[in-house]
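Participant: This is the structure, below, for whatever I ask next.
The values are calculated or read from the model by the stated rules, or taken from the named source; none is laboratory data. All values derive from a computational prediction rather than experimental measurement. Here the Cβ is made from the backbone with ideal geometry for all residues, glycine too, and neighbour counts use every protein chain on show. These area figures cover heavy atoms from the full protein model, side chains too; ligands, DNA and RNA do not enter into them. Shrake-Rupley method; radii C 1.70, N 1.55, O 1.52, S 1.80 Å.
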Amino acid sequence: MELNRFTTLDIKPENVIIRESDILRLLGYPTTDADPFIRHTVQLCIEQSIGLLMPKAGYILLEISKKKTKEGIVRFDGTTLEVGKLIAAQMKKAEYAAIFTVTIGKEVETLSEDAFRKKDMLEGYIFNLIGSEAAESVAEIVHQHVRKLSEDKGLHITNRFSPGYCHWDTKEQFKIFSFFPDDFDDVTLTESALMNPVKSVSAIVGIGKEAEFKDYTCNQCGLDNCLYRSLKENR
(Lines give C-alpha, C1' and ligand atoms only; values in the text may rest on other atoms or scores of the structure.)
Protein backbone atom coordinates (compact mmCIF):
# COMPACT_ATOMS: atom_id res chain seq x y z
CA MET A 1 0.00 0.00 0.00
CA GLU A 2 1.88 3.02 -1.30
CA LEU A 3 1.33 6.28 0.56
CA ASN A 4 1.31 9.85 -0.75
CA ARG A 5 0.99 8.86 -4.40
CA PHE A 6 -2.06 9.81 -6.46
CA THR A 7 -3.38 6.82 -8.40
CA THR A 8 -5.94 6.80 -11.19
CA LEU A 9 -8.22 3.84 -11.84
CA ASP A 10 -9.32 2.57 -15.24
CA ILE A 11 -13.05 2.03 -14.82
CA LYS A 12 -15.10 0.72 -17.74
CA PRO A 13 -18.61 2.09 -18.38
CA GLU A 14 -19.97 -1.46 -18.33
CA ASN A 15 -18.79 -1.82 -14.71
CA VAL A 16 -21.00 1.06 -13.59
CA ILE A 17 -24.23 -0.25 -12.05
CA ILE A 18 -27.50 1.61 -12.61
CA ARG A 19 -30.46 -0.39 -11.34
CA GLU A 20 -33.92 0.24 -12.73
CA SER A 21 -35.36 -0.65 -9.31
CA ASP A 22 -33.28 2.07 -7.62
CA ILE A 23 -34.43 4.76 -10.06
CA LEU A 24 -38.06 3.69 -9.63
CA ARG A 25 -37.69 3.78 -5.86
CA LEU A 26 -36.22 7.27 -6.00
CA LEU A 27 -39.17 8.30 -8.15
CA GLY A 28 -41.47 6.99 -5.43
CA TYR A 29 -42.68 3.87 -7.24
CA PRO A 30 -42.66 0.39 -5.71
CA THR A 31 -40.58 -1.86 -7.94
CA THR A 32 -43.33 -4.46 -8.18
CA ASP A 33 -46.09 -1.96 -8.93
CA ALA A 34 -44.58 0.75 -11.11
CA ASP A 35 -46.60 2.48 -13.79
CA PRO A 36 -45.77 0.77 -17.14
CA PHE A 37 -45.10 4.11 -18.85
CA ILE A 38 -42.76 5.20 -16.05
CA ARG A 39 -40.94 1.87 -16.08
CA HIS A 40 -40.50 2.03 -19.87
CA THR A 41 -39.22 5.62 -19.70
CA VAL A 42 -36.72 4.67 -17.00
CA GLN A 43 -35.49 1.73 -19.07
CA LEU A 44 -34.99 3.91 -22.16
CA CYS A 45 -33.17 6.60 -20.16
CA ILE A 46 -30.83 4.05 -18.59
CA GLU A 47 -30.05 2.53 -21.99
CA GLN A 48 -29.34 5.97 -23.42
CA SER A 49 -27.14 6.95 -20.47
CA ILE A 50 -24.94 3.86 -20.30
CA GLY A 51 -23.34 4.51 -23.67
CA LEU A 52 -22.43 8.05 -22.64
CA LEU A 53 -20.74 7.34 -19.32
CA MET A 54 -17.11 8.45 -19.04
CA PRO A 55 -16.10 7.25 -15.56
CA LYS A 56 -12.86 8.60 -14.11
CA ALA A 57 -11.43 8.10 -10.63
CA GLY A 58 -8.33 8.92 -8.63
CA TYR A 59 -7.28 8.42 -5.02
CA ILE A 60 -4.41 9.00 -2.63
CA LEU A 61 -3.49 7.06 0.52
CA LEU A 62 -2.31 9.14 3.46
CA GLU A 63 -1.14 8.48 7.01
CA ILE A 64 -3.26 10.12 9.70
CA SER A 65 -1.08 12.14 12.07
CA LYS A 66 -3.75 13.09 14.60
CA LYS A 67 -7.46 12.60 15.34
CA LYS A 68 -9.56 14.64 17.72
CA THR A 69 -13.03 13.18 17.92
CA LYS A 70 -14.48 15.82 20.24
CA GLU A 71 -13.19 18.59 17.99
CA GLY A 72 -14.29 16.72 14.87
CA ILE A 73 -10.95 16.83 13.09
CA VAL A 74 -8.67 14.42 11.26
CA ARG A 75 -5.17 15.70 10.61
CA PHE A 76 -2.62 14.77 7.99
CA ASP A 77 0.85 16.21 7.64
CA GLY A 78 0.21 19.91 7.07
CA THR A 79 -3.56 19.62 6.49
CA THR A 80 -6.42 19.38 8.96
CA LEU A 81 -9.84 18.22 7.77
CA GLU A 82 -12.71 19.50 9.92
CA VAL A 83 -14.96 16.53 9.23
CA GLY A 84 -17.29 16.97 12.20
CA LYS A 85 -17.83 14.82 15.26
CA LEU A 86 -19.86 12.07 13.57
CA ILE A 87 -17.26 11.32 10.92
CA ALA A 88 -14.33 11.82 13.30
CA ALA A 89 -15.88 9.19 15.59
CA GLN A 90 -16.09 6.74 12.68
CA MET A 91 -12.43 7.46 11.86
CA LYS A 92 -11.29 7.03 15.48
CA LYS A 93 -9.56 3.69 14.91
CA ALA A 94 -8.15 4.51 11.48
CA GLU A 95 -4.40 4.85 10.99
CA TYR A 96 -4.57 5.83 7.34
CA ALA A 97 -7.12 7.28 4.95
CA ALA A 98 -7.95 7.04 1.28
CA ILE A 99 -9.15 10.32 -0.20
CA PHE A 100 -10.66 10.09 -3.64
CA THR A 101 -12.70 11.76 -6.31
CA VAL A 102 -14.76 10.22 -9.12
CA THR A 103 -16.90 11.44 -11.98
CA ILE A 104 -19.02 10.06 -14.82
CA GLY A 105 -18.40 13.05 -17.09
CA LYS A 106 -20.86 15.66 -18.31
CA GLU A 107 -22.87 13.74 -20.88
CA VAL A 108 -25.71 12.45 -18.69
CA GLU A 109 -25.90 15.85 -17.02
CA THR A 110 -26.34 17.35 -20.49
CA LEU A 111 -29.16 14.91 -21.27
CA SER A 112 -30.94 16.06 -18.13
CA GLU A 113 -30.47 19.74 -18.95
CA ASP A 114 -31.68 19.24 -22.53
CA ALA A 115 -34.80 17.43 -21.33
CA PHE A 116 -35.62 20.21 -18.85
CA ARG A 117 -35.12 22.81 -21.60
CA LYS A 118 -37.66 20.92 -23.71
CA LYS A 119 -40.07 20.99 -20.73
CA ASP A 120 -39.84 17.19 -20.39
CA MET A 121 -39.65 17.29 -16.62
CA LEU A 122 -39.98 13.53 -16.19
CA GLU A 123 -37.01 12.63 -18.41
CA GLY A 124 -34.99 15.52 -17.02
CA TYR A 125 -35.51 14.25 -13.50
CA ILE A 126 -34.85 10.62 -14.46
CA PHE A 127 -31.56 11.50 -16.19
CA ASN A 128 -30.58 13.52 -13.12
CA LEU A 129 -31.23 10.52 -10.87
CA ILE A 130 -29.36 8.20 -13.22
CA GLY A 131 -26.35 10.51 -13.14
CA SER A 132 -26.31 10.54 -9.36
CA GLU A 133 -26.66 6.76 -9.13
CA ALA A 134 -23.91 6.24 -11.70
CA ALA A 135 -21.51 8.54 -9.84
CA GLU A 136 -22.19 6.70 -6.59
CA SER A 137 -21.61 3.39 -8.36
CA VAL A 138 -18.16 4.60 -9.44
CA ALA A 139 -17.50 5.76 -5.86
CA GLU A 140 -18.43 2.27 -4.67
CA ILE A 141 -15.96 0.73 -7.13
CA VAL A 142 -13.18 2.87 -5.64
CA HIS A 143 -14.35 2.04 -2.11
CA GLN A 144 -14.12 -1.68 -2.84
CA HIS A 145 -10.72 -1.19 -4.51
CA VAL A 146 -9.48 0.44 -1.30
CA ARG A 147 -10.99 -2.42 0.70
CA LYS A 148 -9.05 -4.98 -1.37
CA LEU A 149 -5.78 -3.02 -1.03
CA SER A 150 -6.31 -2.80 2.72
CA GLU A 151 -7.25 -6.44 3.21
CA ASP A 152 -4.13 -7.50 1.33
CA LYS A 153 -2.17 -5.71 4.10
CA GLY A 154 -4.26 -7.16 6.90
CA LEU A 155 -6.15 -3.91 7.40
CA HIS A 156 -9.82 -2.96 7.49
CA ILE A 157 -11.77 0.04 6.19
CA THR A 158 -14.54 2.34 7.37
CA ASN A 159 -17.57 3.66 5.53
CA ARG A 160 -16.94 6.41 3.02
CA PHE A 161 -17.99 9.96 3.83
CA SER A 162 -18.34 12.99 1.57
CA PRO A 163 -18.39 16.73 2.24
CA GLY A 164 -21.96 17.95 2.54
CA TYR A 165 -23.05 14.98 4.63
CA CYS A 166 -22.91 14.28 8.37
CA HIS A 167 -22.29 18.00 9.03
CA TRP A 168 -19.07 18.07 6.99
CA ASP A 169 -18.92 21.52 5.37
CA THR A 170 -18.68 21.44 1.57
CA LYS A 171 -16.00 24.16 1.72
CA GLU A 172 -13.66 21.41 2.94
CA GLN A 173 -13.58 20.26 -0.68
CA PHE A 174 -10.74 22.72 -1.24
CA LYS A 175 -8.62 20.89 1.32
CA ILE A 176 -9.47 17.52 -0.23
CA PHE A 177 -8.51 18.70 -3.69
CA SER A 178 -5.21 20.04 -2.37
CA PHE A 179 -4.11 16.39 -2.13
CA PHE A 180 -4.68 15.84 -5.85
CA PRO A 181 -2.18 16.76 -8.58
CA ASP A 182 -2.76 19.92 -10.61
CA ASP A 183 -2.91 17.94 -13.84
CA PHE A 184 -5.86 15.83 -12.65
CA ASP A 185 -8.48 18.05 -14.21
CA ASP A 186 -11.22 15.47 -14.75
CA VAL A 187 -12.92 16.98 -11.68
CA THR A 188 -12.50 20.60 -10.64
CA LEU A 189 -14.07 22.92 -8.08
CA THR A 190 -16.00 26.11 -8.58
CA GLU A 191 -15.41 29.11 -6.30
CA SER A 192 -18.34 27.92 -4.18
CA ALA A 193 -16.78 24.42 -3.76
CA LEU A 194 -19.18 22.67 -6.15
CA MET A 195 -17.69 19.93 -8.28
CA ASN A 196 -17.53 20.12 -12.05
CA PRO A 197 -18.81 17.91 -13.65
CA VAL A 198 -21.77 17.97 -11.28
CA LYS A 199 -22.14 14.18 -11.27
CA SER A 200 -18.96 13.67 -9.29
CA VAL A 201 -18.19 12.45 -5.79
CA SER A 202 -15.33 13.05 -3.38
CA ALA A 203 -14.91 11.08 -0.19
CA ILE A 204 -12.69 9.85 2.61
CA VAL A 205 -12.34 6.25 3.83
CA GLY A 206 -10.53 5.29 7.01
CA ILE A 207 -8.05 2.39 7.03
CA GLY A 208 -6.50 0.56 9.97
CA LYS A 209 -6.02 -2.68 11.85
CA GLU A 210 -9.06 -1.93 14.01
CA ALA A 211 -11.00 0.25 11.58
CA GLU A 212 -14.67 -0.72 11.32
CA PHE A 213 -17.40 -0.49 8.74
CA LYS A 214 -20.57 0.44 10.61
CA ASP A 215 -24.18 1.31 9.93
CA TYR A 216 -24.50 4.99 9.17
CA THR A 217 -25.57 6.81 12.35
CA CYS A 218 -28.61 8.39 10.72
CA ASN A 219 -30.45 8.71 14.04
CA GLN A 220 -27.87 11.32 15.08
CA CYS A 221 -28.37 13.53 12.03
CA GLY A 222 -31.41 15.59 11.09
CA LEU A 223 -30.71 15.63 7.35
CA ASP A 224 -33.60 13.81 5.68
CA ASN A 225 -32.49 14.07 2.04
CA CYS A 226 -29.27 12.16 2.59
CA LEU A 227 -27.41 9.65 0.44
CA TYR A 228 -26.24 7.63 3.43
CA ARG A 229 -29.73 7.42 4.93
CA SER A 230 -30.84 5.98 1.60
CA LEU A 231 -27.95 3.51 1.55
CA LYS A 232 -28.78 2.35 5.07
CA GLU A 233 -32.49 1.90 4.37
CA ASN A 234 -31.87 -0.13 1.22
CA ARG A 235 -29.01 -2.38 2.30
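Participant: Just give me the residues in segment 159-176 being in contact with a strand residue (DSSP E or B) (Cβ under 9 Å, 6 or more places away or on another chain) and in a helix (DSSP H, G or I), in sequence order.
Facilitator: Matches in segment 159-176: GLU172, GLN173, PHE174, LYS175, ILE176.
Participant: Give VAL138, VAL108 a once-over and let me know the one that is closer than 30 Å to SER65 by Cβ and in contact (Cβ under 8 Å) with a residue 60 or more places away in the chain.
Facilitator: After ruling out the rest, the residue left standing is VAL138.
Participant: Turning to a different aspect of this structure: Among (1) in contact (Cβ under 8 Å) with a residue 60 or more places away in the chain; (2) over 29 Å from VAL42 (Cβ atoms); (3) of a type in the set (Gly, Ala, Ser), there is one condition GLY154 misses while meeting the rest; what is its number?
Facilitator: With (1) in contact (Cβ under 8 Å) with a residue 60 or more places away in the chain; (2) over 29 Å from VAL42 (Cβ atoms); (3) of a type in the set (Gly, Ala, Ser) applied to GLY154, the lone miss is (1).
Participant: Are any residues in segment 165-208 open to solvent by 50 Å² or more (accessible area, probe 1.4 Å), of a type in the set (Ser, Thr, Tyr) and within 26 Å of LYS92 (Cβ to Cβ), and if so, which ones?
Facilitator: If the condition is that a residue be open to solvent by 50 Å² or more (accessible area, probe 1.4 Å), of a type in the set (Ser, Thr, Tyr) and within 26 Å of LYS92 (Cβ to Cβ), then TYR165, THR170, SER178 are the ones that fit.
Participant: Can you find a residue that is on the phi > 0 side of the Ramachandran plot and either outside any strand (DSSP E or B) or touching a residue at least 40 places away in the same chain (Cβ under 8 Å) (or both) anywhere in segment 177-192?
Facilitator: Scanning segment 177-192 turns up no residue that is on the phi > 0 side of the Ramachandran plot and either outside any strand (DSSP E or B) or touching a residue at least 40 places away in the same chain (Cβ under 8 Å) (or both).
Participant: Only residues in segment 18-36 that are within 19 Å of ASN128 (Cα to Cα) count as the first member; pair them with residues that are charged (D, E, K, R) and assigned to a loop (DSSP other than H, G, I, E, B), Cβ under 7 angstrom, at least 6 apart or cross-chain, and list the lot.
Facilitator: Between residues of segment 18-36 that are within 19 Å of ASN128 (Cα to Cα) and residues that are charged (D, E, K, R) and assigned to a loop (DSSP other than H, G, I, E, B), the close pairs are TYR29/ASP35.
Participant: Quick one: which strands (runs of 3 or more DSSP E) sit completely within segment 1-81 and have at least 2 residues that are over 25 Å from LYS199 (Cβ atoms) and open to solvent by 60 Å² or more (accessible area, probe 1.4 Å)?
Facilitator: Fully inside segment 1-81 and qualifying: 66-68.
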